[in-house]
Amino acid sequence: MWLWLVLFGSAFVLTEKEEIRFDLLYSSVGRRTRIGMAIVFAIVIVVLYGASLKASYSYVSFMKVEKSSYLKVGMDWLYSIYVIFLIAVIARYLWLLSRLLRGIDPEASDVTKLSSGL
């Protein structure tokens, strides 16, 4: 259940601003540099996740031979959320990349407006 909650939440619930980033450098640069950095990062994520998609799908498909100890559910069902997560993240970053290539600036985070949510 924990695996499903984390990966489903990361893929479908978190917004772009809620993702964890090292934005000390990212927030301190200008608009054009920020767009360039975001384009590079989006391409890297799409390429790396795309490259791992086939192997991840093969592994999840292979896990149909195993069942969980207590629930007796196929492990392929339990791990299938990872493949869904990969597809969702690739789609999200392709969408972000299309926006970046059109010149839509990803907002720099304003530390004066951020809160802990408490």
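The values are calculated or read from the model by the stated rules, or taken from the named source; none is laboratory data. Quick caveat: nothing in here was measured; it's all calculated off a predicted structure. In this analysis, Cβ positions are derived from the backbone assuming ideal geometry, glycine residues included, and neighbour counts consider all displayed protein chains. Keep in mind that these areas ignore ligands, DNA and RNA; they rest on the heavy atoms of the full protein, side chains included. Shrake-Rupley method; radii C 1.70, N 1.55, O 1.52, S 1.80 Å.
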Practice problem: Among residues belonging to segment 66-79 that are exposed (fewer than 15 other Cβ atoms within 10 Å of the Cβ) and in contact with a helix residue (DSSP H, G or I) (Cβ under 8 Å, 6 or more places away or on another chain), point out the one that is modelled with the highest pLDDT. | Solution: Glu66
Quiz prompt | From the options Leu48, Leu71, residue that is part of a loop (DSSP other than H, G, I, E, B) and of a type in the set (A, V, I, L, M, F, W, C) | solution = Leu71
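Residue by residue, here is whether (1) free of Cβ contacts under 8 Å to residues at least 40 places away in the same chain; (2) over 19 Å from Asp105 (Cβ atoms) holds:
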position	(1), (2)
Trp2	yes, yes
Gly9	yes, yes
Leu14	yes, yes
Ala38	no, no
Phe41	yes, no
Val46	no, yes
Tyr57	yes, yes
Lys72	yes, yes
Ser80	yes, yes
Quiz item: For the subset of segment 25-46 comprising residues that are surrounded by fewer than 12 Cβ atoms within 10 Å (Cβ to Cβ) and not basic (Lys, Arg), which member is modelled with the lowest pLDDT?
Solution: Leu25
Quiz item: Quick one: is Gly9 at pLDDT below 90 and either in contact with a Leu (Cβ under 8 Å, 6 or more places away or on another chain) or open to solvent by less than 60 Å² (accessible area, probe 1.4 Å) (or both)?
Solution: yes
